[in-house]
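Working notes for the structure below.
The values are calculated or read from the model by the stated rules, or taken from the named source; none is laboratory data. Since the model is a prediction, treat every value here as computed from it, not as a measurement. Here the Cβ positions follow ideal geometry from the backbone for every residue, glycine too, while neighbour counts run over all protein chains shown.
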Amino acid sequence: MALSNIEKHYNKHPEDLRLQRRHGMVEFQTTMYHLHRFLEPGFKLLDIGAGTGRYTSALMAEGYEVKAVELVRHNIDVFLKREPTANVVQGDARHMPFVSTGSADLTLLLGPLYHLIGDEEKLKALNEAKRVTKPGGLIFVAYLMNEYSILSYCFDEDRIGGLLDRGAVDSNFHIQAQPDELYDYVRTDDIDRLDNMAGLERVTIFSPDGASDYMRTRLNRMSDETFLRFVEYQKVISERPDLIGAGSHVVDVVRVP
């Protein structure tokens, strides 16, 4: 897709605000919970597709050395205004010659694959993340899930008939994103295939948000105490295989051989 489409999207829909709303807070806190399972003192971290730096900032505050890579200039400007000492470089997840091979103990790839259409483009980013991560190191890879979009956009907004008629959704109800579109959507078997093609070994896979994107209004109405319990609930159930593919995102934690 045209990079200007990504820039227009993030100029209009600030990523900084999304992770501060309650549905975004569930995603952020659950992802940080799983990161803390694997982080070790002295780790050097790489945040590819860092957005406005919410994860980078949190990890810097914990004392980690983090290098951030972000495509969208507006996101970098927001990031540096809040975190002026951050090490952030403008760049494309598919080609990062400015990042040394095997330089990261743990790599975050929490946004780029949303916008890379098809296996070939996703594999470019996966292979580049694999290159810059040390052997034995981990990559946290985020995906957008097919079923959330099918339910919340195609059915809930009564668009499914037209999308099926023109082939934008196939007979198995899998969205068929076109190269000029903003998002691509996957199922867990698609993620399995990409791992195999990239030669990456899964350590775990989890849903960072679960039902929260379906429950935005209800989350906002919850008392603070109930919301904190909802976050704990999501952490507890986040790796359940019967629920992983139903949320809006999945994070695949893979090891570099």
Quiz item: How do the pairs read when you match residues in segment 42-54 that are of a type in the set (Lys, Arg) with residues anywhere that are at pLDDT 95 or above, using Cβ under 7 Å and keeping only pairs 6 or more apart or on different chains?
Solution: LYS44/GLU65; LYS44/SER103; LYS44/ALA104; LYS44/ASP105; ARG54/PHE28
Quiz item: Taking segment 55-76 only, how many residues are small (Gly, Ala, Ser), under 17 Å from ASP105 (Cβ atoms) and over 19 Å from the mean Cα position of the chain (by Cα)?
Solution: 1
Quiz item: Which ones in segment 56-76 are under 18 Å from HIS34 (Cβ atoms) and in a loop (DSSP other than H, G, I, E, B)?
Solution: GLU62, TYR64
Exercise. Assess whether ARG202 counts as being on the phi < 0 side of the Ramachandran plot and without any contact (Cβ under 8 Å) to a residue 24 or more places away in the chain.
Key: no
Practice problem: Inspect segment 196-214 for any residue being closer than 25 Å to LEU163 by Cβ and among the basic types (Lys, Arg) and give the result as yes or no. | Solution: no
Quiz item: What is the residue count in segment 172-189 for residues that are under 18 Å from the mean Cα position of the chain (by Cα), closer than 14 Å to ASP119 by Cα and in contact (Cβ under 8 Å) with a residue 40 or more places away in the chain?
Solution: 7
Quiz item: For the subset of segment 46-82 comprising residues that are in contact with an Asp or Glu (Cβ under 6 Å, 6 or more places away or on another chain), buried (at least 19 other Cβ atoms within 10 Å of the Cβ) and among the polar types (S, T, N, Q), which member is farthest from GLY24 (Cα to Cα)?
Solution: THR56
Quiz item: Taking into account only those residues within segment 110-137 that are basic (Lys, Arg) and closer than 16 Å to LEU71 by Cβ, which is surrounded by the fewest Cβ atoms within 10 Å (Cβ to Cβ)?
Solution: LYS124
Exercise. State whether one or more residues within segment 157-171 are in contact (Cβ under 8 Å) with a residue 12 or more places away in the chain and not aliphatic (A, V, I, L, M).
Key: no
Exercise. Confirm whether GLU239 is surrounded by fewer than 18 Cβ atoms within 10 Å (Cβ to Cβ), out of contact with any His (no Cβ under 9 Å at 6 or more places or on another chain) and within 17 Å of HIS34 (Cβ to Cβ).
Key: no
Quiz item: Given the conditions (1) surrounded by 16 or more Cβ atoms within 10 Å (Cβ to Cβ); (2) more than 15 Å from the chain's Cα centre (by Cα); (3) among the aliphatic types (A, V, I, L, M), which single one is not true for VAL203?
Solution: (1)
Quiz prompt | From THR107, THR85, residue being surrounded by fewer than 17 Cβ atoms within 10 Å (Cβ to Cβ) and hydroxyl-bearing (Ser, Thr, Tyr) | solution = THR85
Practice problem: Scan segment 161-175 residue by residue and report those that are touching a Leu at 6+ places or on another chain (Cβ under 9 Å) and in a loop (DSSP other than H, G, I, E, B). | Solution: ASP170, SER171, PHE173
